[in-house]
1. Give segment 144-182 a look and list any residue that's touching a Gly at 6+ places or on another chain (Cβ under 8 Å) and either farther than 21 Å from residue 89 by Cβ or among the aromatic types (Phe, Trp, Tyr) (or both), or say none.
2. Taking residue 102 as meeting all but one of (1) touching a helix residue (DSSP H, G or I) at 6+ places or on another chain (Cβ under 7 Å); (2) part of a loop (DSSP other than H, G, I, E, B); (3) not aromatic (Phe, Trp, Tyr), write down the number of the exception.
3. Got a sec? Which of 135, 148 is modelled with pLDDT of 90 or more and assigned to a helix (DSSP H, G or I)?
4. Out of segment 151-164, which residues are crowded, with 20+ Cβ neighbours inside 10 Å, in a helix (DSSP H, G or I) and more than 14 Å from the chain's Cα centre (by Cα)?
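The values are calculated or read from the model by the stated rules, or taken from the named source; none is laboratory data. Quick caveat: nothing in here was measured; it's all calculated off a predicted structure. Cβ placement follows ideal geometry from the backbone for every residue including glycine, while neighbour counts extend to all protein chains displayed.
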Amino acid sequence: MTRATPVDLETDLEKMMTTPPDDSSQPGKIRRRWFAGLAALGGLGLLGAQAQAHGWGRRHRLDPEEMARRLDWRIGRLVQEAGGTPQQKDRLVAIATAALADLKPLREQMRQARRAGLDLLATPVIDRRALEQSRATQMQAADAKSRRMAQAMADAAEVLTPEQRVKVAERLKRRMDRRRSG
């Protein structure tokens, strides 16, 4: 009987960790795909909300009609690539539009909280209690934004089929990978 060397054990461990299982009907795999689709839809919502809020990379704000046109175009393109229907696109646009409307006051609240924090740091004497209050206010706004985004993601996920969610997730993962490598 031969003893396995540390190198052999490392190689076997690497194979086990990198080799995908043969059984594609595992419940865990289906669950992971579903959550990947949900996360991708969240990415779509976040991308749309952030891009709309900041004028899609421009220094000036877009007028509401232009923002609506761009949102409609981007979601339409994504739904088309996922094999969706015009009805699904309309429902997703409505979900994203409602989320953007809800997030607009939160964005201003977060901006004001950041400014207040910067003002506190510029004073001759640092008021730690006031800084903590400012931080707590910013975290509350961020939590409210996160909750609203999660709600929009769940609503959007219910509009698409599981297969469409997987397609959307794969597309958005490729986009994320391109951004990381570029």
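1. Within segment 144-182, 150, 176 meet the criteria.
2. Of everything listed in (1) touching a helix residue (DSSP H, G or I) at 6+ places or on another chain (Cβ under 7 Å); (2) part of a loop (DSSP other than H, G, I, E, B); (3) not aromatic (Phe, Trp, Tyr), residue 102 misses just condition (2).
3. Answer to the selection: 148.
4. Scanning segment 151-164 gives 159, 164.
Per-residue answers, yes or no, for (1) touching a residue at least 24 places away in the same chain (Cβ under 8 Å); (2) not polar (S, T, N, Q):
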| position | (1), (2) |
| --- | --- |
| 77 | no, yes |
| 105 | no, yes |
| 111 | no, yes |
| 116 | no, yes |
| 134 | no, no |
| 156 | yes, yes |
| 173 | yes, yes |
| 176 | yes, yes |
